[in-house]
Amino acid sequence: MADEFAKGFGILTGGGLIWMVLSGWFTTPGFEDAQLVGEIPGNLDAYGQAAIMLREVMFWFVVVGVLTFWVVIPVVEELRKSSA
């Protein structure tokens, strides 16, 4: 089970870091404003739009990855052990 925890933690830290960097660049209008979750600017070029799309993909990658390695895989393993 430590292997699954390490994989989930790697996904959480790696994907979370990428999400925070992109959020800091694009959705933090000012220090006193909403940080990391502010409004997405409307005048982005192709690279900015790709970065926003990557930001959304990283968010869902972190959520699904952590749930998979910390919840789904251990539950499946426990069910497999109990049925055998």
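The values are calculated or read from the model by the stated rules, or taken from the named source; none is laboratory data. Predicted model only: the values in this text are computed from it and were never measured. No Cβ is skipped: glycine too gets one built from the backbone with ideal geometry, and neighbour counts run over all protein chains shown. For accessibility, only protein heavy atoms count, side chains too; no ligands or nucleic acids. Shrake-Rupley method; radii C 1.70, N 1.55, O 1.52, S 1.80 Å.
Tabulated data for the structure shown
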read-out: Rounded percent of accessible protein surface that carbon and sulfur make up, the chain, 1.4 Å probe; value: 71
read-out: Whole-number percent relative contact order across the chain, with pairs defined as alpha carbons under 8 Å at least 6 apart; value: 43
read-out: Estimated FRET transfer efficiency when R0 is 30 angstrom, pair Trp60-Lys81 (beta carbons, to 0.05); value: 0.50
read-out: Selection from Gly16, Ala2, Ala50 lying farthest towards where the dipole of the chain points positive, charges on Cβ; value: Ala2
read-out: Positive-pole candidate from Val64, Ile40, Trp25, dipole of the chain, charges at beta carbon; value: Val64
read-out: Mean accessible surface per residue for the chain, computed with a 1.4 Å probe while every protein chain stays in place, in Å²; value: 71
read-out: All Cα pairs of the chain, percent lying beyond 14 Å; value: 68
read-out: Charge sum, other residues only, whose C-beta stays under 10 Å from Leu22's C-beta, Lys/Arg counted +1 and Asp/Glu -1; value: 0
read-out: Sequence of Thr27, Thr68 when ordered by accessible area, the most exposed leading, probe 1.4 angstrom; value: Thr68, Thr27
